[in-house]
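The values are calculated or read from the model by the stated rules, or taken from the named source; none is laboratory data. The structure displayed is predicted, hence computed values, not measured ones. Cβ placement follows ideal geometry from the backbone for every residue including glycine, while neighbour counts extend to all protein chains displayed.
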Amino acid sequence: MTVAVCPCGSGNQLELCCGRFHLGQPAPDAQHLMRSRYSAYVLGLVDYLVATTLPAQQARLDRQAMAAWSAEATWLGLQVEAAEVIGGKPEHAFVTFVARWHDQGGEHSHRERSAFVQHDGRWYFIDPTVPLAAGRNDPCPCGGGQKFKKCCAGYLSNAA
């Protein structure tokens, strides 16, 4: 029997690491969610990638593009540089990481500072490439109960 090592780079078994999040257990923090999302790209788990993106953005995600990138890339590794818990109600966090992959265009490296928000016991990725249909004074799409300008708006502009 072969034991699969988790693609996130932890060195742990997949089933004891990101695999448990892929099966529905909530990630305990933004860094674990980000690592599990990387692993989901490696494993082609597009439904998981969609489900862990801010619900207000999920319908606008390009599932076909996500699936194609996942399948066409040879994933080379993940390095987490920093995880910053911002706090607040709802709680926000940033995770800075470098993901590496190889595709028809050669070897690539992407560094990103991603924003996350926690709502109802679950962490969500706030995708800076997917517009949120919310004005500054509208309720925040994360469901945290604040106005957009006081909640997630600042985290969209600080990501990248």
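Conditions first: (1) closer than 20 Å to Tyr124 by Cβ; (2) surrounded by fewer than 19 Cβ atoms within 10 Å (Cβ to Cβ); (3) at pLDDT 95 or above. Val46 passes all but one, so which condition is the exception?
So Val46 meets the others, but not (2).
Of all residues being at pLDDT 85 or above and not β-branched (Val, Ile, Thr) in segment 124-137, which is surrounded by the most Cβ atoms within 10 Å (Cβ to Cβ)? Just the residue, please.
It comes out as Tyr124.
So which residues in segment 25-45 are closer than 21 Å to Ala93 by Cα and assigned to a loop (DSSP other than H, G, I, E, B), if there are any at all?
Within segment 25-45, Gln25, Pro26, Ala27, Pro28, Asp29 qualify.
Mind checking whether some residue in segment 56-66 is part of a helix (DSSP H, G or I), closer than 17 Å to Arg122 by Cα, of a type in the set (Gly, Ala, Ser) and touching a strand residue (DSSP E or B) at 6+ places or on another chain (Cβ under 6 Å)?
Checking segment 56-66: not a single residue is part of a helix (DSSP H, G or I), closer than 17 Å to Arg122 by Cα, of a type in the set (Gly, Ala, Ser) and touching a strand residue (DSSP E or B) at 6+ places or on another chain (Cβ under 6 Å).
Given the condition under 27 Å from Gly11 (Cβ atoms), outside any loop (DSSP other than H, G, I, E, B) and more than 13 Å from the chain's Cα centre (by Cα), answer yes or no: does some residue in segment 84-93 qualify?
Among the residues of segment 84-93, at least one is under 27 Å from Gly11 (Cβ atoms), outside any loop (DSSP other than H, G, I, E, B) and more than 13 Å from the chain's Cα centre (by Cα), which makes the answer yes.
Looking only at residues in segment 1-34 that are over 18 Å from the mean Cα position of the chain (by Cα) and among the aliphatic types (A, V, I, L, M), which one is nearest to Ile86 (Cα to Cα)?
In this case the residue turns out to be Leu16.
Which of the numbered conditions does Thr96 fail, given that it passes all the others? Conditions: (1) surrounded by 13 or more Cβ atoms within 10 Å (Cβ to Cβ); (2) in contact (Cβ under 8 Å) with a residue 24 or more places away in the chain; (3) hydroxyl-bearing (Ser, Thr, Tyr).
All conditions pass for Thr96, except number (2).
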